[in-house]
Amino acid sequence: MKGNVFREYRFKFYLNASHYVIFNNKKGEIHPHTWEFAVDILIDRNRYMEFNDFERGITAFIAPYQDRVVNELEPFDLIIPTLESMLDYFAPEIYKIIRDLGGLVIRVEGSETPTRSYIYTFEDEKVRTAGENLVRSNREAENRLVTHVDTGASVPGPVKKNPDNNEGINASMDDLINRIINNGIGE
C-alpha cells in the first residue's frame, strides 16, 4: 500500500479537423490533422469511478471542433490555432470537466504527428506538496492502526476501530484529495 496513493489513468482522444496558420500576414492553406490528446488523471485509489463519465465529458467538449475548420470557431477565430494555442485553451477546460467529475488532471499532451508533442502540465508545487502530505498522512494512519491493533488499544483520530478493514487508513487521504479537487489547481 505504501507509495501507491493515487491511481493514474491516461485517456486518449482524437480530433479530426482542419486549420490554417498565418505567417507574415499571409494565410496558409487549410489542411487537415488528426490531433491526439492524452489526458492524465489522478483518482483516489479507493474510489470507484465511472470512466465513461470522463470519456463522455471530454468527447462532448471536443465534439464541436470535429470535422470543422478550427479557425472558424471560438476562440480560434481570434487566435491562430496552433497545437500550442489549442492545448493552452483545451487543457484548463478539460481540467474543469474532470474536476467536476471527481478526478484531478495532472497533464494533457497534444500531438499533431507521432514524433512531436506539446505538454500542458498542472504538476506544480501545490500538487507535489499535496501528494507528499498524502503519503505521510497515509503512513501515519497505517502506523497508528498497526500499533493499536497490536496493543489492543482503542484507535484514535480518523482511523476506524475495525481491524478487519482499512477504511480508516484512507480517511485523511480522502479529505486531502477532495480539497485538492474542490480548490482546483492551475486556474
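Any read-out appearing in this document is the output of simple, stated calculations on the displayed coordinates, not a laboratory observation. No experiment lies behind these values; they were computed from the predicted model shown. Cβ placement follows ideal geometry from the backbone for every residue including glycine, while neighbour counts extend to all protein chains displayed.
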Sorting check: for 70-77, 86-93, which peptide has the highest mean count of neighbouring beta carbons within 10 Å, and how do the rest follow? 86-93, 70-77
Hey, fewest Cβ within 10 Å first, where do 118, 95 land in order? 118, 95
Table column - 3J(HN,Hα) (Hz), the range 13-21, Karplus curve with 6.51, -1.76, 1.60, x for Gly and Pro: 9, 10, 10, 9, 7, 10, 7, 9, 10
So for R0 = 35 Å, FRET eff. of residue 25-residue 56 from the Cβ-Cβ r, to 0.05, ends up at 0.30
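Cα convex hull of the range 6-121: how many Å³ per residue?
Looking at the range 6-121, the number lands at 97 Å³ per residue.
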If I model a spin label at residue 82 and residue 116 as a point 7 Å from the Cα along the Cα→Cβ vector, what separation in nanometres do I get? 1.0 nm
